[in-house]
1. How many residues, within the stretch 163-194, are part of a loop (DSSP other than H, G, I, E, B) and crowded, with 18+ Cβ neighbours inside 10 Å?
2. May I ask you to verify whether Leu258 is among the aliphatic types (A, V, I, L, M), touching a residue at least 60 places away in the same chain (Cβ under 8 Å) and open to solvent by less than 40 Å² (accessible area, probe 1.4 Å)?
3. Filter the stretch 233-250 for residues that are open to solvent by less than 40 Å² (accessible area, probe 1.4 Å) and not acidic (Asp, Glu); which is nearest to the chain's Cα centre (by Cα)?
4. Pairs please, first residue from the stretch 268-287 and farther than 14 Å from Asp228 by Cβ, second anywhere and open to solvent by less than 60 Å² (accessible area, probe 1.4 Å) and not aliphatic (A, V, I, L, M), Cβ atoms under 6 Å, 6+ apart in sequence or on different chains.
5. Would you check if Asn207 is out of contact with any Asp or Glu (no Cβ under 8 Å at 6 or more places or on another chain), more than 28 Å from Val280 (Cα to Cα) and open to solvent by 70 Å² or more (accessible area, probe 1.4 Å)?
6. Taking the stretch 172-209 as the search range and keeping residues that are more than 18 Å from Val101 (Cα to Cα) and among the polar types (S, T, N, Q), which one is farthest from the chain's Cα centre (by Cα)?
7. Anything in the stretch 210-232 that is more than 20 Å from Lys99 (Cβ to Cβ), in a loop (DSSP other than H, G, I, E, B) and either among the polar types (S, T, N, Q) or open to solvent by 40 Å² or more (accessible area, probe 1.4 Å) (or both)? List them, or say none.
8. Just checking, which of Asp18, Asp62 is more than 30 Å from Ile81 (Cα to Cα), outside any helix (DSSP H, G or I) and at pLDDT below 80?
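The values are calculated or read from the model by the stated rules, or taken from the named source; none is laboratory data. Here the structure is a predicted model, which is why all the values come from computation and not from measurement. So basically every Cβ, Gly included, is an ideal-geometry build from the backbone, and we count neighbours across all protein chains shown. These area figures cover heavy atoms from the full protein model, side chains too; ligands, DNA and RNA do not enter into them. Shrake-Rupley method; radii C 1.70, N 1.55, O 1.52, S 1.80 Å.
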Amino acid sequence: TAVAKIIKRFEETGTHEDRTRSGRPRLTSESENKLIRVKSLQNRRLTVPEIQAQLKATRRTDVSTSTAQRRLREAGLTGRIAAKKPLLRVQNKRFEEWKSVLWTDESKFEIFGSNHQVFVRRREGERMSSACVVPTVKHGGGSVMVWGWFAGDRVGDLYQVHGKLIQHGYHSILQRHAIPSGLWLVGQSFILQQDNDQKHTSKLCKNYLAKESEGQVNLMTWPAQSPDLNPIELVREELDRRVKAKLPTSALHLWELLQKSWEDMSGDFLLKLVNRMPRVCEAVIKAKGG
């Protein structure tokens with residue numbers, strides 16, 4: 001009988017191989033398989049029992065966890081422990097209104113000193129000619145430390161810092177300058193940006209900002225070791241170039257030039273820096289492997 005069946009199968013199919021069996025029918029439809037896949041892609045942290053419960057609630061389909069797990073594996077979605085990387089906070093990536101951010105930082109300006117390279121056109125033997133060198137003196141010949149901030153296309157106050165700035169001095173800046181400037185430039189619920197310097201994260205300043213945050217200030221979570229991310233760094237460089245071009249002669253003259261150049265800062269330039277923030281964030285995230 002077995003031999004007769006094999007001969008008959010060969011005559012009918014041209015092969016001795018067993019015919020393809022239909023197998024047990026699947027418990028889930030194609031649309032349900034798609035729903036399982038979509039639910040997992042929408043929230044990568046959903047567990048299989050959670051996906052199973054959502055499927056039951058939306059489609060009234062009761063499938064086992066093993067069935068749901070198989071459908072996820074078929075879609076190439078396997079469970080893994082999430083990698084840890086130094087990424088920017090989600091808040092930094094998803095601000096829709098960058099104009100609501102009050103960008104702040106302190107900067108030191110020297111009369112002669114400069115961190116920028118200056119290019120000149122010279123002939124052979126003129127390297128040390130007075131017309132082809134940048135004058136420098138020890139400690140820059142005098143300096144001015146300032147604290148500045150801007151939001152959108154407008155600058156706020158430019159505050160001159162005397163001596164070493166500690167938490168009490170920064171607390172005073174927040175009270176008398178930064179918070180009033182934020183309310184004036186942006187309005188209620190503006191976003192305050194500051195780095196993770198110790199004076200910024202001191203208990204005194206944190207408590208003050210927490211108290212002020214009730215409807216007035218939202219504190220941006222700032223990633224560590226990201227000074228280049230702050231657009232006010234580019235404002236500082238522009239300010240330094242403008243002041244150096246006017247050849248300050250003393251610390252007092254330097255401060256006067258800083259104030260004038262700060263007030264004359266172009267709104268288009270500031271707005272350009274703000275509008276580039278989404279691209280800057282994406283570049284930083286990509287560089288850090290996010």
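1. 3
2. For Leu258, the condition - among the aliphatic types (A, V, I, L, M), touching a residue at least 60 places away in the same chain (Cβ under 8 Å) and open to solvent by less than 40 Å² (accessible area, probe 1.4 Å) - is met.
3. The residue in question is Val235.
4. From residues that are farther than 14 Å from Asp228 by Cβ, the pairs are Leu270/Phe150; Val274/Trp98.
5. Criteria met by Asn207.
6. Ranking the candidates gives Ser172 first.
7. Answer for the stretch 210-232, where residues must be more than 20 Å from Lys99 (Cβ to Cβ), in a loop (DSSP other than H, G, I, E, B) and either among the polar types (S, T, N, Q) or open to solvent by 40 Å² or more (accessible area, probe 1.4 Å) (or both): Glu214, Ala224, Gln225, Ser226.
8. Result of the check over Asp18, Asp62: Asp18.
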